[in-house]
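Reviewing the structure listed below.
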Amino acid sequence: MSDTSASPVLYDLRDGVAVITLNRPEAMNSVNAALATGLGEAIEKAATDPAARVVVLTGTGRAFCAGADLKAISRGESIAAEGHPEWGFAGLAQHWLDKPIIAAVNGFAMGGGTELALASDLVVAADTAVFGLPEVKRGLIAGAGGVIRLQRQLPMKRALELALTGDGIEAAVALDWGLINRVVPADQVLDTALELARKIAANAPLSVQYSKQMLYRTQSGPSDWNPAWGTEEPWAVNGELGLKVFTSADAMEGPRAFAEKREPNWQGK
């Protein structure tokens with residue numbers, strides 16, 4: 001995957017933040033096999049790059065993601081990531097990443113676009129963004145994590161309203177419901193997401209990664225990332241991951257840097 005204007009997915013590392021951009025503006029960044037493969041590969045690249053501590057996912061043009069490429073599907077084409085069906089929709093829906101993912105939702109995000117936002121850890125949205133799962137209006141179901149994750153991130157009554165009516169909600173409503181973290185003018189979405197990402201990237205990498213994992217592993221009921229996590233006793237998980245953090249080199253560096261009144265030099269180990 002190369003960072004050219006023709007690539008369906010772009011990858012750019014900026015000060016510890018991997019900016020991944022869906023780049024099919026002519027198709028409202030709808031998901032075909034090339035985009036799913038590119039996004040899955042970009043997630044893998046961020047996972048193995050120690051310089052990438054946080055991921056920001058955004059789109060080019062007026063849409064974040066319009067969901068599945070229905071034209072490709074109508075031609076009988078697969079829209080799965082090549083060679084990696086386990087990554088799920090768009091190469092992300094079932095693709096676990098220890099590092100935080102912030103969705104910078106720059107525009108339209110109905111259907112699969114909302115499911116990508118649900119699969120992200122934090123969401124910064126343009127005031128023009130619209131979220132929703134319209135699948136029931138088309139005789140379908142939001143099977144790329146929508147109906148799994150929605151009730152985990154919203155009160156059940158809110159989740160049912162979205163899932164059963166198929167209607168969209170504006171960004172301001174999504175913020176009020178607690179579905180997203182920030183709403184800003186459209187031209188400030190990426191900068192706001194990057195500011196949030198840099199705050200996270202400034203922290204100890206292992207502390208951030210294990211805090212994320214612990215939150216998902218100790219959710220009530222099976223986790224949407226790994227069903228086995230839902231059977232684990234929370235304090236056992238806390239002890240397991242806490243031990244990894246407190247025995248790390250960064251756990252020594254943090255207090256030392258504080259005592260010496262300097263910025264810590266995180267090693268991620």
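Run down 196, 215, 190 and say which single residue is surrounded by fewer than 14 Cβ atoms within 10 Å (Cβ to Cβ), within 30 Å of residue 265 (Cα to Cα) and under 17 Å from the mean Cα position of the chain (by Cα).
215
Please state which one of 116, 175, 154, 179 is within 21 Å of residue 195 (Cα to Cα), surrounded by fewer than 24 Cβ atoms within 10 Å (Cβ to Cβ) and touching a Phe, Trp or Tyr at 6+ places or on another chain (Cβ under 8 Å).
179
Would you please name the residue that is nearest to residue 116 (Cα to Cα), looking only at residues in the stretch 39-65 that are buried (at least 23 other Cβ atoms within 10 Å of the Cβ) and either of a type in the set (Ser, Thr, Tyr) or over 15 Å from the mean Cα position of the chain (by Cα) (or both)?
58
When you scan the stretch 1-100 for strands (runs of 3 or more DSSP E) that lie fully inside it, which ones turn up with 1 or more residues that are farther than 23 Å from residue 188 by Cα and either hydrophobic (A, V, I, L, M, F, W, C) or touching a Lys or Arg at 6+ places or on another chain (Cβ under 9 Å) (or both)?
Those strands (runs of 3 or more DSSP E) do not exist here; none qualify.
Every number here is computed from the coordinates shown, using simple stated rules; none is lab data. All values derive from a computational prediction rather than experimental measurement. Note that each Cβ is placed from the backbone with ideal geometry, even for glycine, and that neighbours are counted across all protein chains shown.
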